[in-house]
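The values are calculated or read from the model by the stated rules, or taken from the named source; none is laboratory data. Here the structure is a predicted model, which means the values were calculated and not measured. Glycine also receives a Cβ, built like all others from the backbone with ideal geometry; neighbour counts cover every protein chain displayed.
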Amino acid sequence: MRMYDIIAKKRDGKELTKEEIDFFVTGYTKGDIPDYQASAFCMAIYFQGMTEEERANLTMAMVHSGDTIDLSSIAGVKVDKHSTGGVGDTTTLVLAPLVASLDVPVAKMSGRGLGYTGGTIDKLESVPGFHVEIDNAEFIKLVNENKVAVIGQSGNLTPADKKLYSLRDVTATVNSIPLIASSIMSKKIAAGADAICLDVKTGAGAFMKNIEDAKELAQAMVSIGNRVGRNTMAVISDMSQPLGRAIGNGLEVKEAIETLSGNGPLDLTELSLTLGSQMVYLAGKASSLEDARAKLEESIRSGKALDKFKTFLKSQGGNEEIVDNPDLLPQASYKFELEAQEDGYIKEIVADEIGNAAMLLGAGRATKESEIDLAVGLVLNKKIGDPVQKGESMITIYANQPDVEAIKQKLYNNITVTTNKVEPPKLIHEIVKQ
Ligand code: URA
Ligand code: CA
């Protein structure tokens, strides 16, 4: 087999066999196939696409390019959740303990991540003492005992994806549905998931800016998952404005506590219940989605979900007292209010730009080397559709710097107030299943 022929075949729009795809992934991971051939191949895929069969084969080839996590010693159906990423997306912090409180095992491998705020691990590390440096045996033991544990990315998972993603990044081939879908799914499958619940975001703060693209990505991932024997579904949710109110690491932990107590923002609560119901149902712990939702709501009402969060934090060295006393979370030195300059209704809160403002405060990493400030960030006191009066605070800014004028200006530039009443955006656009 020659890489040249495989590139030409894809260039001409023909379907590749499993053997051809395996040949590419194995050869490229080992370094036998050079970057220039892999680049041409990705570009051919970019223009010609891939059939569902090819996508599934590419995904599994990447899964087998490195280590995989074996979760078979954990009892029950391991359902993983994945978000394509957004601004102030606090859902994993809520979902992990919430779903675990119904005895659904949550064995989560998470990242630190680049971007507007830290990843789930950074957020959790704002809890004093919490750590994710546990070995696989301890990880599995914790999930069996408590139904929930979070571990940092360990081992050599999907090296083919790592290498290919870096190449795509510099060859204008990131934005290809088959390549994105196989990249995301390979990581979930290598991490040991039996079933996968995807949250595909759409809007200004999302990777997929419009609903059509989000839907296509969701369908591509759902198809791959189900073809390779992982029960997979996707929710397409709004990311035109940030999710919930808090954007920032410690601030999002506080928001998760509020949500687990039943006092969280409506959109974050609704999305958590929607995704959570799907996870509980996929795990076989409810007879229907309605039943799953009722059980989750009861878990919040009874305090069981919050107790599970405490157990989870404590089991990984975290100070669980932050749950009853969130002031024990890292606190910023300065607090500023972004006051409305006129009366009206909030029409737009541009998610990505608001996220960038949070990053400028230090809540996120601009590069892999940047240090995160776990205390800083933004809290939206108003969301799209809310009425606002001149002088009222639209956003509270938590900073560790005395001067935030430039950040305030950026925020003003990205919040629109209008005189006409505004409908809040639809939160859940669609549920994609096979
Ligand atoms: N996120 C991924 O993990 N992979 C992609 O290809 C794009 C986004
Ligand atoms: Ca949030």
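Suppose we filter V143, V150 for residues that are crowded, with 23+ Cβ neighbours inside 10 Å, away from ligand 1 (no atom under 16 Å from the Cβ) and assigned to a helix (DSSP H, G or I); which single one remains?
Residue meeting the stated conditions: V143.
Mind counting the residues in the range 198-216 that are within 12 Å of ligand 1 (Cβ to nearest atom) and more than 27 Å from G155 (Cβ to Cβ)?
3
So is R227 within 13 Å of ligand 1 (Cβ to nearest atom) and over 18 Å from the mean Cα position of the chain (by Cα) or not?
On the way: within 13 Å of ligand 1 (Cβ to nearest atom): no; over 18 Å from the mean Cα position of the chain (by Cα): yes.
So R227 fails the test.
In the range 93-134, how many are surrounded by fewer than 21 Cβ atoms within 10 Å (Cβ to Cβ), of a type in the set (V, I, T) and under 16 Å from the mean Cα position of the chain (by Cα)?
Count: 0.
Report yes if I180 is modelled with pLDDT of 95 or more and touching an Asp or Glu at 6+ places or on another chain (Cβ under 9 Å), otherwise no.
Spelling it out, it is not the case that I180 is modelled with pLDDT of 95 or more and touching an Asp or Glu at 6+ places or on another chain (Cβ under 9 Å).
Restricting to the range 357-378, name every residue that is of a type in the set (A, V, I, L, M, F, W, C), touching a strand residue (DSSP E or B) at 6+ places or on another chain (Cβ under 7 Å) and buried (at least 22 other Cβ atoms within 10 Å of the Cβ).
Filtering the range 357-378 for residues of a type in the set (A, V, I, L, M, F, W, C) gives 357-361, 363, 366, 372, 374-376, 378.
Next, from what is left, pick out any that are touching a strand residue (DSSP E or B) at 6+ places or on another chain (Cβ under 7 Å): 357-358, 361, 363, 375-376, 378.
The answer is A357, A358, L361, A363, V376, L378.
Please find, among D12, D22, the residue that is among the acidic types (D, E) and more than 16 Å from S182 (Cβ to Cβ).
Result of the check over D12, D22: D12.
Tell me which residues, restricted to the range 359-406, are in contact (Cβ under 8 Å) with a residue 24 or more places away in the chain and of a type in the set (S, T, N, Q).
Matches in the range 359-406: T367, N381, Q389, S393, T396, N400, Q401.
For residues that are hydrophobic (A, V, I, L, M, F, W, C) and not in a helix (DSSP H, G or I), scanning just the range 179-197, find the one that is farthest from ligand 1 (Cβ to nearest atom).
Restricting to residues being hydrophobic (A, V, I, L, M, F, W, C) and not in a helix (DSSP H, G or I), the top hit is A195.
State all residues of the range 338-353 that are under 22 Å from E405 (Cα atoms) and buried (at least 16 other Cβ atoms within 10 Å of the Cβ); if no residue qualifies, say none.
Across the range 338-353, the qualifying residues are L338, A340, I346, E348, I349, V350, A351, D352, E353.
Among the listed residues K335, K285, which satisfies the condition of being more than 16 Å from ligand 2 (Cβ to nearest atom), surrounded by fewer than 22 Cβ atoms within 10 Å (Cβ to Cβ) and closer than 30 Å to I431 by Cβ?
Of the residues listed, the single one that is more than 16 Å from ligand 2 (Cβ to nearest atom), surrounded by fewer than 22 Cβ atoms within 10 Å (Cβ to Cβ) and closer than 30 Å to I431 by Cβ is K285.
Do the conditions hold for E270, that is, is it modelled with pLDDT of 95 or more, crowded, with 16+ Cβ neighbours inside 10 Å and part of a helix (DSSP H, G or I)?
Answer is no for this residue.
Write out, first by first residue and then by second, each pair whose Cβ atoms fall under 8 Å of each other, whose residues are 6+ apart or on separate chains, and whose first residue, in the range 204-224, is among the charged types (D, E, K, R) while the second is within 16 Å of ligand 2 (Cβ to nearest atom) and not in a helix (DSSP H, G or I).
Once the first residue is among the charged types (D, E, K, R) and sits in the range 204-224, its partners that are within 16 Å of ligand 2 (Cβ to nearest atom) and not in a helix (DSSP H, G or I) give K209/G203.
Just one of the numbered conditions (1) crowded, with 24+ Cβ neighbours inside 10 Å; (2) within 20 Å of A100 (Cα to Cα) is not true of N263; which one?
(1)
Looking only at the range 315-340, how many residues end up being of a type in the set (D, E, K, R), under 26 Å from N414 (Cβ atoms) and out of contact with any Phe, Trp or Tyr (no Cβ under 9 Å at 6 or more places or on another chain)?
So the answer is 2.
Considering only residues that are of a type in the set (G, A, S) and under 18 Å from R168 (Cβ atoms), look in the range 43-65 and name the one that is surrounded by the fewest Cβ atoms within 10 Å (Cβ to Cβ).
Among those residues, the one meeting the criterion is G49.
Any chance you could count how many residues in the range 96-129 are farther than 30 Å from D291 by Cα, out of contact with any Pro (no Cβ under 9 Å at 6 or more places or on another chain) and part of a loop (DSSP other than H, G, I, E, B)?
Within the range 96-129, residues that are farther than 30 Å from D291 by Cα, out of contact with any Pro (no Cβ under 9 Å at 6 or more places or on another chain) and part of a loop (DSSP other than H, G, I, E, B) number 11.
Could you tell me whether A220 is away from ligand 1 (no atom under 16 Å from the Cβ) and either aliphatic (A, V, I, L, M) or modelled with pLDDT under 95 (or both)?
Numbers: away from ligand 1 (no atom under 16 Å from the Cβ): no; either aliphatic (A, V, I, L, M) or modelled with pLDDT under 95 (or both): yes.
Considered against the rule, which asks whether it is away from ligand 1 (no atom under 16 Å from the Cβ) and either aliphatic (A, V, I, L, M) or modelled with pLDDT under 95 (or both), A220 comes out as no.
Return the residues of the range 243-263 that are more than 9 Å from ligand 2 (Cβ to nearest atom), within 21 Å of D352 (Cα to Cα) and in contact with a Gly (Cβ under 7 Å, 6 or more places away or on another chain); say none if nothing qualifies.
N249
Please return the ranges of helices (runs of 4 or more DSSP H) entirely within the range 1-82 where 3 or more residues are within 30 Å of A137 (Cα to Cα).
Filter on the range 1-82 gives 18-30, 52-63.
Quickly run through the range 153-177 and pick out the residues that are at pLDDT 95 or above, over 18 Å from R112 (Cα atoms) and assigned to a helix (DSSP H, G or I).
Within the range 153-177, A160, K163, L164, L167, R168, I177 qualify.
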